[in-house]
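Just below is one structure, and these are the notes that go with it.
The values are calculated or read from the model by the stated rules, or taken from the named source; none is laboratory data. The structure presented is a predicted model; accordingly, all values stated were derived computationally and were not measured. Virtual Cβ from ideal backbone geometry, glycine too; neighbours counted across all protein chains shown. For accessibility, only protein heavy atoms count, side chains too; no ligands or nucleic acids. Shrake-Rupley method; radii C 1.70, N 1.55, O 1.52, S 1.80 Å.
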Amino acid sequence: MNKLIIIGNLTRDPELRTTQDGTSVCNFTVAVNRKVRTDGHPEADYFRVTAWRTLGENCVKYLSKGKKVCVTGAISARGYTGGDGSTHASLDLLADEVEFLTPRSTDPGTGRDAG
């Protein structure tokens with residue numbers, strides 16, 4: 001069984017596109033803070049999330065940079081070579097569920113009521 005649950009914050013606004021057959025797909029990245037800190041600064045792991053169809057459409061509608069989410073789904077790791085020739089790794093999460101954890105009336109930057 002391949003199932004991962006992450007809780008973190010979006011690093012940028014979600015992007016929605018449509019495949020050639022008309023299927024909606026949304027991509028966004030979630031930063032998950034680690035408990036271990038280096039020099040007093042938090043470290044984070046970054047997960048690329050893909051949400052298909054209605055789930056993806058809802059993510060674009062209700063999420064934005066800084067919002068906190070809980071994502072459940074299957075994880076895959078892949079390696080790639082960057083433009084500078086260096087080797088990198090990416091953690092990709094295919095979302096089964098996305099729970100929006102930031103209340104609608106809360107400003108994600110301050111954690112205070114925006115209204």
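Some observations on this one:
- Filter pass, Arg53 being farther than 15 Å from Asn9 by Cα and out of contact with any helix residue (DSSP H, G or I) (no Cβ under 8 Å at 6 or more places or on another chain): yes
- For beta carbons closer than 7 Å, sequence separation of 6+ or different chains, a first residue in the stretch 1-28 that is without any contact (Cβ under 8 Å) to a residue 40 or more places away in the chain and more than 15 Å from Tyr62 (Cβ to Cβ) and a second that is of a type outside the set (Phe, Trp, Tyr) and open to solvent by 50 Å² or more (accessible area, probe 1.4 Å), the qualifying pairs are Thr23/Arg53; Val25/Arg17; Asn27/Glu15; Asn27/Arg48.
- The strands (runs of 3 or more DSSP E) found wholly in the stretch 1-111 and carrying at least 2 residues that are surrounded by 13 or more Cβ atoms within 10 Å (Cβ to Cβ) and aromatic (Phe, Trp, Tyr) occupy 41-52.
- Looking across the stretch 29-56, the residues that are among the basic types (Lys, Arg) and either in contact with a Lys or Arg (Cβ under 7 Å, 6 or more places away or on another chain) or touching a residue at least 24 places away in the same chain (Cβ under 8 Å) (or both) come down to Arg48, Arg53.
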